[in-house]
Amino acid sequence: MIEFVANEIAESKKAQSFRGRQTHIASWRKELPSRWLWYDKERSYYDHLRTKAHRRVGCASPVPVSRHRFSAHTYIPSAIRNLREVIESSRTILKLQNDWDEQGSPGYSGFTWKRVEKFLTDNALQLWRRHKTCFEPPRVLPGPDGSIDLHWRTPKRELLINVPASSTEQLSYYGDDIAEGTENAIRGKKLDTPADAEWIFLWLMN
Amino acid sequence: MDFSVADELGVTWERQDIPDIDLLWMRVHRMWLGADGKVFPGAFKNRPSDKDGMSTDWQKYATPEQTRNRAKTPKDNAVIQFVVGAVRKVADQTVVHTPDRATNNRAHTDVYGEKHTEARLQLSRIYTPVISVEP
């Protein structure tokens, strides 16, 4: 008899505990905010957690939570997205074989195209990081002797940058103000790093 | 003397000075043309090597059609024109009459000088289309 009562009590406790757990899970599920609620600017779940963590350990996340509701794609400015599209479509230049113009011009190497891609991407990102701006995509054109030309024409200015086929040669450029002609034109080489080239894009957008 | 008779007699063609007001014809393959029909700056280059010149024909001895017909596939080539004086104003460029007996082209004229980005961009601004390619 005593054994029976003990078993009954044990069973009842087990059931209570199970129900309690179920209720707890149910309420936790109820409390768990929906995905959209997390990203709500007014009342963010992560903001709440951030504040709690801040109180507890005395540190704060440097990134405001409200920013996370935008996807990475939204954060890429449209000019950079356009640039990526232009770079991708310029791959067609690699299809040009030797003597593609019936005048003996050589084809274009993947190495030269990669150099173009890196030059444009690095500079676009650098400009975005430092100035929150981006240049318009250039026309990516076949250049002489396996080199690739990047050509910009804005209402005010025109710029031509040549990416040579040889890795030992530096990029060269020429740009001028359409109204001024060759007066105050910019010309030269050494644009190979974003630090070297930043000024030329600021000039172009001016 | 008629030019064709002179050709048969093997008369040498002397270099002549080209006045600034004269025109030069230049053939451009369709692959160097954009969708808008404009010539890419890359089309302006020295051939066959950098030390040579950019080939054109002097208006005095050739017509635009003759210039086009010297191409491997004439129908794939457009013809543009330059005013000689304007070409001479482009950085580092000189215009020299270089008649070519081997190809029987008395009009042949070279535009010498490095075709750097500045020269190519300026040349792309001063030409006028004469014969376009059919789409």
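Of the numbered conditions (1) open to solvent by less than 70 Å² (accessible area, probe 1.4 Å); (2) of a type in the set (Asp, Glu); (3) more than 14 Å from every other protein chain (Cβ to nearest Cβ), A:Glu136 satisfies every one except a single condition; which is it?
(1)
Conditions: (1) under 30 Å from B:Val11 (Cα atoms); (2) among the acidic types (Asp, Glu); (3) more than 13 Å from chain A (Cβ to nearest Cβ). B:Asp52 meets all but one. Number of the miss?
Of the numbered conditions (1) under 30 Å from B:Val11 (Cα atoms); (2) among the acidic types (Asp, Glu); (3) more than 13 Å from chain A (Cβ to nearest Cβ), the odd one out for B:Asp52 is (3).
Restricted to the stretch A:96-116, and to residues that are open to solvent by 30 Å² or more (accessible area, probe 1.4 Å) and assigned to a helix (DSSP H, G or I), which residue is nearest to the other protein chains (Cβ to nearest Cβ)?
For the stretch A:96-116, the residue satisfying everything is A:Arg115.
Within the stretch A:162-176, can one find any residue that is open to solvent by less than 20 Å² (accessible area, probe 1.4 Å), more than 28 Å from A:Thr92 (Cβ to Cβ) and in a strand (DSSP E or B)?
The answer is yes, given that some residue of the stretch A:162-176 is open to solvent by less than 20 Å² (accessible area, probe 1.4 Å), more than 28 Å from A:Thr92 (Cβ to Cβ) and in a strand (DSSP E or B).
Please specify each residue of the stretch B:77-102 satisfying the condition of being in a loop (DSSP other than H, G, I, E, B), over 22 Å from B:Gly37 (Cβ atoms) and either within 14 Å of chain A (Cβ to nearest Cβ) or in contact (Cβ under 8 Å) with a residue 40 or more places away in the chain (or both).
Step one: filter the stretch B:77-102 for residues in a loop (DSSP other than H, G, I, E, B), giving B:90-93, B:98-99, B:101-102.
Subset that is over 22 Å from B:Gly37 (Cβ atoms): B:91-93, B:98-99, B:101-102.
Hits for the stretch B:77-102 are B:Ala91, B:Asp92, B:Gln93, B:Thr98, B:Pro99, B:Arg101.
Tally the residues that are within 11 Å of chain A (Cβ to nearest Cβ) and buried (at least 18 other Cβ atoms within 10 Å of the Cβ), restricting the search to the stretch B:124-135. Give the steps one after another, and end with the answer.
Within the stretch B:124-135, the subset within 11 Å of chain A (Cβ to nearest Cβ) is B:124-125.
Still in the list and also buried (at least 18 other Cβ atoms within 10 Å of the Cβ): B:124.
Adding up the residues that qualify gives 1.
What's the number of the condition A:Leu202 fails, among (1) under 22 Å from B:Asp50 (Cα atoms); (2) in contact (Cβ under 8 Å) with a residue 24 or more places away in the chain; (3) more than 11 Å from chain B (Cβ to nearest Cβ)?
For A:Leu202, the exception is condition (1).
Got a sec? Which of A:Ile93, A:Ile148, A:Ile161 is more than 9 Å from every other protein chain (Cβ to nearest Cβ) and not hydroxyl-bearing (Ser, Thr, Tyr)?
Exactly one of A:Ile93, A:Ile148, A:Ile161 is more than 9 Å from every other protein chain (Cβ to nearest Cβ) and not hydroxyl-bearing (Ser, Thr, Tyr), namely A:Ile93.
The values are calculated or read from the model by the stated rules, or taken from the named source; none is laboratory data. A quick note: this is a predicted structure, and the numbers were derived from the prediction, not measured. Cβ atoms come from the backbone with ideal geometry, glycine included; neighbour counts cover every protein chain shown. Only protein heavy atoms, including side chains, enter the accessible area calculation; ligands, DNA and RNA are left aside. Shrake-Rupley method; radii C 1.70, N 1.55, O 1.52, S 1.80 Å.
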